[in-house]
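To start, the structure itself, in structure tokens.
What follows draws every value from the coordinates through simple rules; no lab data is involved. All values derive from a computational prediction rather than experimental measurement. Because the Cβ atoms are built from the backbone with ideal geometry, glycine has one as well, and the counts that use them run over all protein chains shown.
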Amino acid sequence: MKLEDTVNVEVETEYLEEQSLPEDDRFVFAYHISITNRGDQGATLRTRHWFIADGNADVQEVKGEGVIGEQPTIEPGETYRYSSGSVLQTRVGSMRGYYVMEADDGTLFHATIPVFTLALPNALN
């Protein structure tokens with residue numbers, strides 16, 4: 001199994017109505033990430049790389065070290081979970097990207113973050 005296939009990323013999203021101001025084109029979403037290590041060695045999350053698209057097809061690229069101030073090491077069979085958020089100017093958007101992971105043996109590899117939709121409830125019928 002390639003290292004890229006050993007880390008699985010799953011995402012759940014929610015619209016945060018109480019923090020949003022639709023009249024000002026401010027739509028706030030939370031996303032909840034689960035990163036599972038299915039490999040046979042630990043993997044440390046070093047950096048994140050996001051592409052955030054709004055409903056106008058404007059894409060913002062975001063890069064940074066770790067997630068929520070951490071660079072967690074995920075041992076074989078373990079899952080690391082965290083939550084964060086994104087603010088869009090449209091009712092619908094999407095995010096995708098990857099994490100740069102470092103295996104215990106020092107090998108760097110990408111863990112793909114699959115594309116996911118950010119949308120107001122009932123915005124996509």
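Computed extension length for residue 13-residue 47: 10.1 nm, one decimal, from 0.36 nm per residue of separation with the Cα-Cα distance subtracted.
Packing-based ranking of 11-18, 107-114 yields 107-114, 11-18, ordered from highest to lowest mean Cβ neighbour count within 10 Å. A simple spin-label model places the labels of residue 68 and residue 108 2.6 nm from each other, with each point 7 Å out along Cα-to-Cβ. Under the criterion of Cα pairs below 8 Å and six or more residues apart, the relative contact order for the chain equals 30 percent.
Ranked by the mean number of other Cβ atoms within 10 Å per residue, highest first, peptides 86-96, 22-32 order as 86-96, 22-32.
Equivalent-ellipsoid semi-axes for region 21-125 (Cα gyration tensor, √(5λ), whole Å, largest first): 30, 13, 11.
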